[in-house]
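Below is one structure; the comments refer to it alone.
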Amino acid sequence: MSYRIVITKDEKYSLPFALFTLRFLVIAMTALLISRSSSFAQRHDSIFQTRTFFYGNKQSMPYGLFVPRKYDARKKYPLVVWLHGAVGRGYDNRKNISDGNEPGSHVWTRDPNQEKYPCFVVAPQCPDTSYWVSNDGIDNPPDQLDAVVALLKELRRRYSIDTNRMYVAGQSMGGVATWEIVSRYPSMFAAALPLCGIGNLRNAPKLTRLAIWAFHGDADDVIPVVRTREMVDSIRRAGGYPKFTEYKGVGHDVWNSVFKEPDLVAWVFAQRRKN
């Protein structure tokens, strides 16, 4: 299978999948109705380069790429992967990094953080006809995560990426994908930040050596907090030490709290991949 980049401006979900999908779509439509002005998107396009990754049989995936402002190919840089929620799906290369997806994609690009932790940030965009993880359940490839992994391999080839400091974060649908991608590739990432997601409990033994900080609101009526509690407990029983922050009275939009955590950025960049 060949790939190229073009720069352009056995456990199912415990919730019934149809209901799970419907809730995602409701969130997406609501967010679109309250979306911000076009000047907001233009401002963020100036931060992220808008690109398209071509792969497979004429398939493509839009993605935003932030390159460190003082990039020097002689140095190695960390890379953060941002996996958006359902509202970010499409082909516009905007919804994946704006509105509800702004905090998780942009916290790493802020000047104070870039001064201390210069890094790449990549924000792929899932098509609005699909999901990061196959519709019929968790851990059932092929799906959009295959394209994400292929994209990461291509970025590592083109840029000076520190393969010991690759991190992944995602919320909602992207939280499901975060649990899944580290389960499929447990030695690829140094740390994972799954927000309000669902993980496959059978994969817990694979994640005991990975640095994980999970987040969920106890008032989440889209993906119940029990889904993260169970995953964290399973990893701990298997011998791992994941961090877990549960926000009292917070609903599904836990990202408004997570990326204000004062120790979050420093904790992430302190992690190194365990061989």
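The values are calculated or read from the model by the stated rules, or taken from the named source; none is laboratory data. Since this is a predicted model, take the numbers as computed values, not measurements. Cβ placement follows ideal geometry from the backbone for every residue including glycine, while neighbour counts extend to all protein chains displayed.
For the reader, a short list of remarks on this structure follows.
- Hey, P78 part of a strand (DSSP E or B), over 22 Å from S257 (Cα atoms) and out of contact with any Ser or Thr (no Cβ under 9 Å at 6 or more places or on another chain) or not: yes
- Segment 255-275, residues that are buried (at least 16 other Cβ atoms within 10 Å of the Cβ) and closer than 22 Å to M173 by Cβ: W255, V258, F259, L264, V268
- In the set Y159, Y131, Y91, only one residue is among the aromatic types (F, W, Y) and in contact with a helix residue (DSSP H, G or I) (Cβ under 7 Å, 6 or more places away or on another chain); that residue is Y131.
- Residue within segment 235-254 that is of a type in the set (S, T, Y) and crowded, with 19+ Cβ neighbours inside 10 Å present: no
- Taking strands (runs of 3 or more DSSP E) as the structural unit, those lying wholly within segment 159-275 and holding at least 3 residues that are over 24 Å from C119 (Cα atoms) and at pLDDT 95 or above correspond to 243-247.
- Verdict on W213 being out of contact with any Gly (no Cβ under 8 Å at 6 or more places or on another chain) and aromatic (F, W, Y): yes
- Segment 92-108 residues that are over 16 Å from F215 (Cβ atoms), paired with ones that are hydroxyl-bearing (S, T, Y) and part of a helix (DSSP H, G or I) (beta carbon under 6 Å, 6 or more apart): I97/S105
- Condition check for D233: under 18 Å from the mean Cα position of the chain (by Cα) and among the acidic types (D, E): no
- For R43: the one exception among (1) farther than 20 Å from P103 by Cα; (2) at pLDDT below 95: (1)
- Subset of segment 69-91 that is within 25 Å of P118 (Cβ to Cβ) and of a type in the set (S, T, Y) - its residue that is surrounded by the fewest Cβ atoms within 10 Å (Cβ to Cβ): Y71
- The listed residue being within 13 Å of F48 (Cβ to Cβ), touching a helix residue (DSSP H, G or I) at 6+ places or on another chain (Cβ under 9 Å) and not hydrophobic (A, V, I, L, M, F, W, C), out of G85, G64, G100: G64
- Assessment of segment 154-162 against the conditions (within 20 Å of A266 (Cβ to Cβ) and out of contact with any Asp or Glu (no Cβ under 7 Å at 6 or more places or on another chain)) yields at least one matching residue.
- Note on segment 53-68: residues that are of a type in the set (G, A, S) and either touching a His at 6+ places or on another chain (Cβ under 9 Å) or surrounded by 18 or more Cβ atoms within 10 Å (Cβ to Cβ) (or both) total 1.
- Residue match in segment 200-210 (condition: among the hydroxyl-bearing types (S, T, Y) and touching a Pro at 6+ places or on another chain (Cβ under 8 Å)): no
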